[in-house]
Amino acid sequence: MRIDIVTIFPAFFDVLEVSLLGRARATGLLDVRVHDLRDWTHDRHRTVDDTPYGGGAGMVMKPEPWGEALDAVAAGDARPTMVFPSPAGEVFTQATARQLSTREHLVFGCGRYEGIDERVFDYAAELGEVRLLSLGDYVLNGGEVAAMAMVEAVARLIPGVVGNPDSLVEESHEDGLLEYPSYTKPSLWRDRAVPPILLSGNHGAVDAWRRGQQEERTRARRPDLLGPDD
Ligand code: ADE
């Protein structure tokens, strides 16, 4: 998969060099390219924002550098999927991550939270699929941290990026429930024992216990994930 990231803070993405994603990049499973939006400005101050029409607080990102940036990163590609992280977008979930992991080319456009000139999204829709996606109901200073989270959630679903694919199946949000609790050795630690069922060797009983734990914690922590009959 190819991922282009357009930002005014390319240094945010230096951490992509490390860990799982660093290895995926090194082995060629992932081709990530980070671009500085200011490279598509043409004035001495490399201006990317301006005051909003109609008045109001804050600055709005100018359409011209974004238009040139999108033209450049989409060039030669059929129809990339362009993601603009935004608190005004649809909520990004594991299902969204699954959808995006099937795409060949993703473009992340990181704006500041006052926003990108709305016409940019309309123009981008001529080049490919456009998704405005929110990490959750809170406001960050810009799209960079959100893009980073989305890149990690998507990239780990690409076959080969995570070493043991079984670990992807059993985690939170894959079956609509939160993950069951996990334990490792020692079986007694600071007076706290591992639930005896996990030491029983009875796989059927372990599976049933884990399922019960998933339902219990989902009901307690995230009732919004359950239907009215659960
Ligand atoms: N930019 C600012 N806040 C954001 C959020 N909650 N999700 C995605 N992008 C954002």
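The values are calculated or read from the model by the stated rules, or taken from the named source; none is laboratory data. None of the values given here were measured: they were computed from a predicted structure. We place every Cβ from the backbone using ideal geometry, glycine too, and count neighbours over all the protein chains shown. With ligands, DNA and RNA removed, areas are computed over all heavy atoms of the protein, side chains included. Shrake-Rupley method; radii C 1.70, N 1.55, O 1.52, S 1.80 Å.
Quick notes
- Simple spin-label estimate for ALA208 and ASP137 gives 3.8 nm between the two label positions (7 Å along the Cα-to-Cβ direction from each Cα).
- Cα extents of segment 18-149 along the three principal axes, largest first (Å): 46, 34, 30
- On a per residue basis, the chain carries 58 Å² of accessible surface, using protein heavy atoms and a 1.4 Å probe.
- Converting phi to 3J(HN,Hα) with the Karplus coefficients 6.51, -1.76 and 1.60 and the offset θ = phi - 60°, segment 140-147 yields 9, 6, x, x, 4, 5, 5, 4 Hz in sequence order, with x at every glycine or proline.
- Selected from GLY111, PRO159, ILE5, residue furthest toward positive end of dipole (the chain; charges at beta carbon): PRO159
- Cα-projected label distance for THR47 with SER200, points at 7 Å along beta-carbon direction, nm: 7.1 nm
- Under 5 Å between amide hydrogens, built in the peptide plane, is the criterion, and for SER134 it picks out SER86, GLY89, GLU90, VAL91, PHE92 among residues at least 5 positions away or on other chains.
- Each of LEU188 and ARG222 was given a label point 7 Å from its Cα along the Cα-to-Cβ line. The distance between the two points is 3.5 nm.
- Two-decimal Rg to Rh for the chain - Kirkwood Rh, Cα set: 1.07
- With eigenvalues of the C-alpha gyration tensor scaled by 5 and rooted, segment 169-230, Å: 25, 13, 10
- Within the listed set GLY56, GLY176, GLY109, the residue fluctuating most in the Gaussian network model of the chain (springs between alpha-carbon atoms under 10 angstrom) is GLY56.
- Dipole-positive endmost among VAL48, ALA125, VAL169 within the chain (Cβ charges, Cα centre): VAL169
- Segment 20-82 - Kirkwood radius from inverse mean 1/r over Cα pairs (Å): 14.4 Å
- The chain: most fluctuating residue of ASP49, ASP117, ASP77 per GNM, C-alpha cutoff 10 Å: ASP77
- Ellipsoid equivalent to segment 119-230 - semi-axes via the Cα gyration tensor, in Å: 38, 18, 15
- Largest GNM mean-square fluctuation across ALA11, ALA26, ALA205, computed for the chain with C-alpha springs under 10 Å, falls on ALA205.
- Percent of beta bridges antiparallel (DSSP, the chain, rounded to nearest 5): 20 percent
- Principal-axis tilt of helix 63-74 within the chain, Cα atoms, nearest 10 degrees: 60 degrees
- Unit charges on C-beta of K, R, D, E only; dipole of the chain, Debye: 820 debye
- Segment 107-230, accessible surface, carbon-and-sulfur percent (1.4 angstrom probe): 50 percent
- Taking every C-alpha pair closer than 8 Å and separated by at least 6 residues, the mean separation divided by the residue count of segment 1-89 gives a relative contact order of 24 percent.
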